[in-house]
Amino acid sequence: MKKYLLFLASLFILAACNTATDAEAKDEAVEQTELTVGDFSEKASGLVDQKIRITGLVVHTCKHGGKRMFLSNETSEGRVEVSASEEVGSFNAEMEGSMVTVEGVVKEQRIDNAYLDQWEKEIAEGNADEMKIHEGEEKSAEGEEEEDHHKGDLETVQNYRNQLAETGKEYLSFFSVECHSYSVVPEK
């Protein structure tokens with residue numbers, strides 16, 4: 001009887017190990033879609049929260065923190081925004097001009113009227129604070145630059161409002177890639 005119970009316990013343990021291995025194999029088998037920069041904009045809406053691999057030329061890396069870079073290619077005018085996940089950290093500015101292959105997940109940002117209302121409110125509050133600081137003083141060049149920056153933000157908000165009105169949709173979608181790993185493609 002003890003041998004029989006020991007045998008059943010061994011089978012149970014083996015079965016549990018095989019189940020874990022099968023689950024791991026299924027995770028690895030999740031398909032990763034290959035995209036080009038040129039077809040990203042037309043296919044991204046159907047790939048939200050899915051893994052992709054995309055190769056492109058780094059045309060810009062954000063200088064403040066390196067959290068974003070933009071990919072392009074020679075055959076299309078499109079650009080793909082790539083943001084660094086926590087596991088990647090940041091992108092090196094020296095990558096500009098290099099071909100990279102990015103593995104990541106497609107993300108969607110939706111901009112609707114509520115989002116634009118909140119953005120406009122934040123801009124107004126920023127301007128109000130700026131006005132308090134400079135009240136009764138002559139504005140410095142820096143203050144004028146800050147005012148121009150807010151004016152540009154307000155123009156952007158208005159442009160998005162116009163786009164919403166033109167499309168008749170409830171929101172605008174902007175797609176990007178959250179990068180989980182990348183590699184620089186060696187030059188040939």
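Listed values, structure above:
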| item | result |
| --- | --- |
| Tally, over region 170-188, of residues that are within 29 Å of Ile54 (Cα to Cα) and either without any contact (Cβ under 8 Å) to a residue 60 or more places away in the chain or in a loop (DSSP other than H, G, I, E, B) (or both) | 4 |
| Matching residues in region 170-188 - criterion: being at pLDDT below 90 and of a type outside the set (A, V, I, L, M) | Pro186, Glu187, Lys188 |
| Selection count, region 76-100, where residues are surrounded by 14 or more Cβ atoms within 10 Å (Cβ to Cβ), outside any loop (DSSP other than H, G, I, E, B) and not hydrophobic (A, V, I, L, M, F, W, C) | 2 |
| Selected residue (only one of Ser98, Ser72, Ser90 is small (Gly, Ala, Ser) and in contact with a helix residue (DSSP H, G or I) (Cβ under 9 Å, 6 or more places away or on another chain)) | Ser72 |
| From the options His60, His64, residue that is outside the structural domain of Asn162 (by TED's automatic domain parsing), within 30 Å of Glu155 (Cβ to Cβ), at pLDDT 90 or above and outside any helix (DSSP H, G or I) | His60 |
| Selection from region 29-51 of residues that are small (Gly, Ala, Ser) and farther than 16 Å from Glu81 by Cβ | Ala29, Gly46 |
| Residue that is surrounded by the fewest Cβ atoms within 10 Å (Cβ to Cβ), among those in region 52-72 that are without any contact (Cβ under 8 Å) to a residue 60 or more places away in the chain and within 17 Å of Thr33 (Cβ to Cβ) | Arg53 |
| Filter result for Ala44 (part of a helix (DSSP H, G or I), surrounded by 15 or more Cβ atoms within 10 Å (Cβ to Cβ) and modelled with pLDDT of 90 or more) | yes |
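The values are calculated or read from the model by the stated rules, or taken from the named source; none is laboratory data. The structure displayed is predicted, hence computed values, not measured ones. Cβ atoms come from the backbone with ideal geometry, glycine included; neighbour counts cover every protein chain shown.
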